[in-house]
């Protein structure tokens, strides 16, 4: 089971726990978005690798998520 500690330092949107206290696909996508935002702002490969690893482990197609993040940043 995966455990993450995430801080919403930009207060972009509130983090809420799942109603059943379990990690969901939406939670994984939100975490991937955070990593991709950091990647596009810093170009540090660490953030991209983390996003790719989470997507791979959770079966998330990262291409649409990457497009969405790039669109929001432009």
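None of the figures in this text is laboratory data; all of them are computed from the coordinates on show. All values derive from a computational prediction rather than experimental measurement.
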Q) Quick one: Debye curve from the C-alpha atoms of the stretch 25-73, no solvent, what's log10 I(q)/I(0) at q = 0.15, 0.20, 0.26 Å⁻¹? A) -0.31, -0.55, -0.93
Q.
From Cα pairs below 8 angstrom and at least 6 apart in sequence, can you work out the relative contact order of the stretch 25-73, rounded to a whole percent?
A. 42
Q.
Multiplying the sequence separation of residue 63 and residue 26 by 0.36 nm and subtracting their Cα-Cα distance, what value in nm do you get?
A. 11.8 nm
